[in-house]
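Right, one structure below, let's go through it.
The values are calculated or read from the model by the stated rules, or taken from the named source; none is laboratory data. What you are looking at is a predicted structure, and each value in this text was computed from that prediction instead of being measured. Don't worry about glycine lacking a Cβ; one is built from the backbone with ideal geometry, like all the others, and counts go over all protein chains shown.
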Amino acid sequence: MAKSGIQNLQVFQKKLKKRIVDNPEKHLKKLVQRSTMLVESTAKQSILKGGTGITYQKYNPRRQHTASAPNEPPASDTGFLVSSITSKVRKEGTAVIGQIVASAPYAAWLEFGTKAMLKKGGARPFMQPALESNRPKIKRIFKEGGYVD
């Protein structure tokens with residue numbers, strides 16, 4: 001039984017060496033990709049969960065919409081904001097960079113607010129809260145991957 005445990009340990013060490021020592025860039029890129037996908041998914045989910053603010057009638061097409069309350073993620077109406085959120089991972093020199101982008105023209109206005117929004121109570125951040133809520137998970141991903149103590 002002890003022999004089996006040692007063989008399993010040797011197999012594990014061999015796989016770990018191959019992943020981290022023999023191909024660290026590929027391994028690091030996978031960890032960054034997992035982290036960016038986590039934040040992207042959380043940002044999208046926060047928008048899709050719906051608003052807790054006022055409900056009002058919209059037209060063209062006619063529908064009811066419940067807006068988000070100040071300082072909460074924006075509530076999805078047409079789905080365009082959610083569909084505009086993408087992530088990518090690239091290598092720049094020796095660094096591996098994960099990037100999450102919301103390309104909807106109004107995304108920055110929602111995230112940081114406009115003067116009018118700030119007067120009425122606040123912005124509708126969705127990217128920064130997604131990052132902050134996943135910070136412990138991201139640290140764990142890199143710790144388990146062997147890059148952080």
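When you scan the range 96-104, do you find a residue that is more than 30 Å from K15 (Cα to Cα) and loosely packed, with under 12 Cβ neighbours inside 10 Å, even just one? Yes: one or more hits.
Every residue, every condition in (1) under 30 Å from V148 (Cα atoms); (2) modelled with pLDDT of 85 or more, yes or no:
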{"site": "M1", "(1), (2)": "no, no"}
{"site": "K30", "(1), (2)": "yes, yes"}
{"site": "L48", "(1), (2)": "no, yes"}
{"site": "Y59", "(1), (2)": "no, yes"}
{"site": "E72", "(1), (2)": "no, yes"}
{"site": "I85", "(1), (2)": "yes, yes"}
{"site": "G93", "(1), (2)": "yes, yes"}
{"site": "W109", "(1), (2)": "no, yes"}
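Sort out which residues of the range 108-131 are closer than 14 Å to E72 by Cα and part of a helix (DSSP H, G or I), and write them in order of number. Listed by number, the residues that qualify are W109, L110, E111, F112, M117, L118, K120, M127, Q128, P129, A130.
Residue-wise test of (1) free of Cβ contacts under 8 Å to residues at least 60 places away in the same chain; (2) part of a strand (DSSP E or B); (3) of a type outside the set (D, E, K, R).
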{"site": "L38", "(1), (2), (3)": "no, no, yes"}
{"site": "S46", "(1), (2), (3)": "no, no, yes"}
{"site": "N71", "(1), (2), (3)": "yes, no, yes"}
{"site": "S87", "(1), (2), (3)": "yes, yes, yes"}
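Going by the structure shown, is I138 among the β-branched types (V, I, T) and surrounded by 15 or more Cβ atoms within 10 Å (Cβ to Cβ)? Yes, satisfied.
Annotation: of all residues in the range 73-85 being in a loop (DSSP other than H, G, I, E, B), of a type outside the set (G, A, S) and in contact with a Ser or Thr (Cβ under 8 Å, 6 or more places away or on another chain), the one that is surrounded by the fewest Cβ atoms within 10 Å (Cβ to Cβ) is P74.
State which residue is nearest to A102 (Cα to Cα) when the search covers only the range 52-69 and only residues that are polar (S, T, N, Q) and part of a loop (DSSP other than H, G, I, E, B). The qualifying residue nearest to A102 (Cα to Cα) is S68.
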